1. Count, please, the residues in the range A:304-362 that happen to be facing chain B (nearest Cβ under 10 Å), surrounded by fewer than 23 Cβ atoms within 10 Å (Cβ to Cβ), in contact (Cβ under 8 Å) with a residue 60 or more places away in the chain and over 15 Å from A:Val230 (Cβ atoms).
2. Being crowded, with 24+ Cβ neighbours inside 10 Å, in contact with a Gly (Cβ under 8 Å, 6 or more places away or on another chain) and not charged (D, E, K, R): is that true of A:Ala375 here?
3. Going by the conditions given, is A:Ala185 within 14 Å of chain B (Cβ to nearest Cβ), over 30 Å from B:Ala44 (Cβ atoms) and open to solvent by less than 20 Å² (accessible area, probe 1.4 Å)?
4. Would you check which residues across the range B:26-59 are without any contact (Cβ under 8 Å) to a residue 12 or more places away in the chain, β-branched (Val, Ile, Thr) and open to solvent by less than 50 Å² (accessible area, probe 1.4 Å) and list them?
5. Provide a single number: the residues in the range B:73-82 that are open to solvent by 40 Å² or more (accessible area, probe 1.4 Å) and of a type in the set (Gly, Ala, Ser).
6. Test A:Leu412 against the criterion of being in a helix (DSSP H, G or I) and open to solvent by less than 40 Å² (accessible area, probe 1.4 Å), and give yes or no.
7. Read through the list (1) of a type outside the set (S, T, N, Q); (2) surrounded by 14 or more Cβ atoms within 10 Å (Cβ to Cβ); (3) more than 16 Å from A:Ile206 (Cβ to Cβ), then give the number of the only condition that A:Val131 fails.
8. Might you check whether a residue that is over 30 Å from A:Thr54 (Cβ atoms) and open to solvent by 40 Å² or more (accessible area, probe 1.4 Å) occurs anywhere in the range A:426-433?
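The values are calculated or read from the model by the stated rules, or taken from the named source; none is laboratory data. Treat the numbers as computed from the prediction; the structure is a model and nothing was measured. When we count neighbours, we look across all protein chains shown, and the Cβ atoms used for this are built from the backbone with ideal geometry, even at glycine. Note: areas computed on protein heavy atoms with side chains; ligands, DNA, RNA excluded. Shrake-Rupley method; radii C 1.70, N 1.55, O 1.52, S 1.80 Å.
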Amino acid sequence: MNDSSSLDAPVTVVETSPWRSEDIWAIWLAGTVLSVALAATWLARPADHAKRLTDFEEIAGQLETAESQNATDSESLAALRKKSEAARARLAVNPLKTYVAKLSSWESDPLKAFVDAQGHSLLPGLLGTLVLVLALFSVGLMGVGDKPRHFALAFLFVFLLATLAFLLSGQKVVKHYNLEYALWALVVGLIVSNTIGTPAFARPAIRTEFYIKTGLVLLGAEVLINRLLVLGLPGVLTSWLVTPVVLIGTYIFGQRVLKMESRSLNMVICADMSVCGVSAAIATAAACRAKKEELSLAIGLSLAFTVGMMVVMPPVIQWLDLGQVVGGAWIGGTIDSTGAVAAAGGMLGDTALAVAATVKMIQNVLIGFVAFGVAIYWVTVVERTPDAASPSLIEVWRRFPKFVLGFLAASLVFSTISARGPEAQAVTSAVISGTTETLRGWLFCLAFVSIGLETNFRELRQYLASGKPLVLYVCGQAFNLALSLFMCWLIFEKVFPDVARTLSH
Amino acid sequence: MWPARFLTNSQKGENRRGASLLAVVIVAMAILWLKILPAVGRQAAIQYYVRHNEQLGIDPAAKFYTELPCLPAAMHRIERSLSRQQASIREHDTDAAIPLGALY
């Protein structure tokens, strides 16, 4: 991302040793975490893992039989499903799980956020997270040629603000209306920077891009490509046809009709709205080197509209009598945030929840391809000077944001491992849920706090003044809603009606 | 914010204003989060909605599918439904002109 104060300033690539770039060190740091967590979880498989695998396969077989016989006893079917999931979870245990933690949700007593569901204190895990991230980035800063001498104190300050952001977002009403931590991290940072000013001692830890790039490589491990085909061809058509059409169409609309001054802002808003919300915005912003303020604005727009859509779409679907499958697929393809998709789908019913969450999952997997495509487009087209020849491959390689390769590599490795069977799948799930997902969340939170600490309200106002970002988002989302609805209806009502009927049972 | 001895009078004034503004914001947020939001959360409709999400394993704040507790079960249910359907189509496909199983 850029710090340039003028919009669309030409990007200057500073010549540094490639081995000292943040991109490479983001890959190293995230790669270390992923490797250690994967090795530890694999080696810590229970001694009786072969027996547990047999037990799981037996229960899965019983469940398959019960479902194929259309068992009418829904209670025993639900109990069997729960037993199957529990047996799957027992296949692998992540021994590093207790060393990292995130805050719990709370209702009226914020101290409950520091205690898990079983009543155990989360402070050891929080301390573990602090120490781990501090150690990782101390090494990372040395690697990029910075002196981390004052980093520890600065990091402690930024980490405390990130903890406050998680605390604010963990209040149940806030959480269940999708006002997620990214928003509060920005707000907390903005409050500090626009009241008392960002303290000078905190500046060494304001490393937005480094946190984001490392977090994105960790996110790559969660992008399991084999999930693409869960919903079969209908799922691929619903997610993969509509998303690129909306992304590219809205981008062209923003450039040609609205004449947006900033291409990167245009692209981040389009990705945010058409793919999957905040995580897509983060990945795209890093890939096209968007300014921090542009990322903040895109996320603010997305969150504002997501809450509205989450509340409005379920009754609209019921009024239109779309049914749970078409309705769920429509929700999954349009509402930006994954959590809000599940909440909206859940309001319609179990089938809608399953379909909506699965469609959104398929869109989540698109993030890697979108980030890669945007990076290539930016390097070969946008950053090219008008009268220059096409950039050579070496030039493309030099300018290409390397962290995207780390992201894709993590995805490829974890997808390959996950595809090897239920035990391998359990190992990758344990690594993701026990370590990488938590760390990734902290890194993004630290990044958004850093953005807030470096942003002045006046800088944000200039983007809102013209109203174009808002118009872009509204028009793009309207296009997304219309095209998604048409495709979902076509696919599940006309082309694959049997799929819809099967899923409804 | 710099220590006062390094500042001019107008900078000191700015510091005091900044600190006052921060204090006001902190108090406002404390009231909102400790009093108003919990009161909103005690409304029957909100409690029902929150309980409903928790029972279904929905985390509305999830940014990515891996953060959704309900997803593994949902995904496996869909996989099982579709594989049963494919098996049933293949059984009937032997005489069909266009094997529908090929679509999946």
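1. Within the range A:304-362, residues that are facing chain B (nearest Cβ under 10 Å), surrounded by fewer than 23 Cβ atoms within 10 Å (Cβ to Cβ), in contact (Cβ under 8 Å) with a residue 60 or more places away in the chain and over 15 Å from A:Val230 (Cβ atoms) number 1.
2. Against the criterion (crowded, with 24+ Cβ neighbours inside 10 Å, in contact with a Gly (Cβ under 8 Å, 6 or more places away or on another chain) and not charged (D, E, K, R)), A:Ala375 does not qualify.
3. So A:Ala185 fits the description; yes.
4. B:Ile46, B:Val50
5. The qualifying residues number 1.
6. Here the answer is no, as A:Leu412 does not meet what is asked.
7. (2)
8. The answer is no, given that none of the residues of the range A:426-433 is over 30 Å from A:Thr54 (Cβ atoms) and open to solvent by 40 Å² or more (accessible area, probe 1.4 Å).
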